[in-house]
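Following: one structure in structure tokens, then a few remarks.
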Amino acid sequence: MEESEAGASKPENLGPVPTPGPGTIIRSFSQPATPGERLFAPKCLSHRADPLSPAPFGRKSPCRQSVPVILSTCMDIPTGTKHLEGVVRGLIDIHQQSTHDLAMLTAERELLGTSLSALYQVATCHRKCFGGGHVLESLSGRIYNLAVSAYQLALSGLYDESLNLIRSIGEIANLISLSVVDKNALSEWLASDKQTRIRKFGPVKIRALLKKHDPALLIATDDWYAEFCEKYTHVTPQTRPNLHAATDQAHVGGAHNTKELQRVLGELSTIVGSVAMIVCKYADLDDLIDEIVRIVRKNGTESSDDAAQLATRSARES
Ligand SMILES: [Zn+2]
């Protein structure tokens, strides 16, 4: 049985305490931040054995979470501005580790970067102002900001939080898809008050409207949306924050993981690339459509092929 630093035994009802994986990064506030520093603390879970800190939400909740990147021991957790300074140091460290992975994620970054360029140009009327209410421009700007935020969160090792934002991008993407296949529905959405929007144009209703058309122009499908809601947005009794599938380890605070970063950037680039194709078509950015198609075909994976087919059809029907 593992002993805490105070010598207390781990209560039986807390269940097994996992050993921190080899990738667990510990940073003590008492130690100066050194670039690339990696310290391993096999006793770093000792606070879970503290009988004065019972699990508040069920016996498995705290004892299954790994050590935050910014903390070394439970006795060394700073408060106030010192805590925030530690958060920033930890995020900078994770960002540096993520940067080393980016060389092998060229395909995702090419697609994402080109798609973001297109969205930025449309959102800011960079090439041409089409006048009117600038609704598409505003939606493009919202997607751009969400995507940039999701990218930053992914580089910071906050993968669940990044995927939460990607879910929001999926909602907007479906609304823009609806504008392609159902002009009447979009006109109604534009003219609707808050109550009508909630009643008739929630995410489920928009997917239902899209599915009336065959084949359905769904960028965020039912299954995709359900997974993102269940795992990364809504809390359930089984919620484990920032769970890294490869190690079955949850994390409080950001923690770098190459596979998780790759997965998140794959999701982000696919959904942003798909909606960017439609936006490009609306804004006559044919050169960027060609560029996105070229990137997808060059780096073709099954999911990117699906996205490309969907987006190409979206662009054709816009
Ligand atoms: Zn304008």
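Every read-out reported here was derived from the displayed coordinates using simple, explicitly stated rules and does not represent laboratory data. Quantities reported herein were computed from a predicted structural model and do not represent experimental measurements. Here the Cβ positions follow ideal geometry from the backbone for every residue, glycine too, while neighbour counts run over all protein chains shown.
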**Top-ranked residue in the stretch 89-115 [being within 30 Å of Ser179 (Cβ to Cβ) and touching a residue at least 40 places away in the same chain (Cβ under 8 Å); ranked as farthest from the ligand (Cβ to nearest atom)]** = Ala107
**Prompt:** Is it fair to say Ser179 is more than 30 Å from Glu260 (Cα to Cα) and assigned to a helix (DSSP H, G or I)?
**Reply:** yes
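Can you confirm whether Gln121 is within 16 Å of the ligand (Cβ to nearest atom) and surrounded by 13 or more Cβ atoms within 10 Å (Cβ to Cβ)?
Details: within 16 Å of the ligand (Cβ to nearest atom): yes; surrounded by 13 or more Cβ atoms within 10 Å (Cβ to Cβ): yes.
The answer is yes for Gln121.
For the condition farther than 24 Å from Leu165 by Cβ and not small (Gly, Ala, Ser), what is the one hit in Gln238, Gln195, Gln249? If you could, list the steps in order and put the result at the bottom.
Values: Gln238 fails: farther than 24 Å from Leu165 by Cβ; Gln249 fails: farther than 24 Å from Leu165 by Cβ.
Of the residues listed, the single one that is farther than 24 Å from Leu165 by Cβ and not small (Gly, Ala, Ser) is Gln195.
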**Prompt:** Give me the pairs: first residue in the stretch 116-136 and β-branched (Val, Ile, Thr), second residue more than 8 Å from the ligand (Cβ to nearest atom) and in a loop (DSSP other than H, G, I, E, B), beta-carbon distance under 7 Å, and six or more apart or on different chains, which are they?
**Reply:** Val122/Ala283
**Prompt:** For residues in the stretch 137-161 being hydroxyl-bearing (Ser, Thr, Tyr) and surrounded by fewer than 20 Cβ atoms within 10 Å (Cβ to Cβ), which is nearest to Ala245 (Cα to Cα)?
**Reply:** Ser149
**Prompt:** Out of all the residues in the stretch 244-284, which are surrounded by fewer than 20 Cβ atoms within 10 Å (Cβ to Cβ) and farther than 22 Å from Arg89 by Cβ?
**Reply:** Ala245, Ala246, Thr247, Asp248, Lys259, Gln262, Arg263, Gly266, Tyr282, Asp284
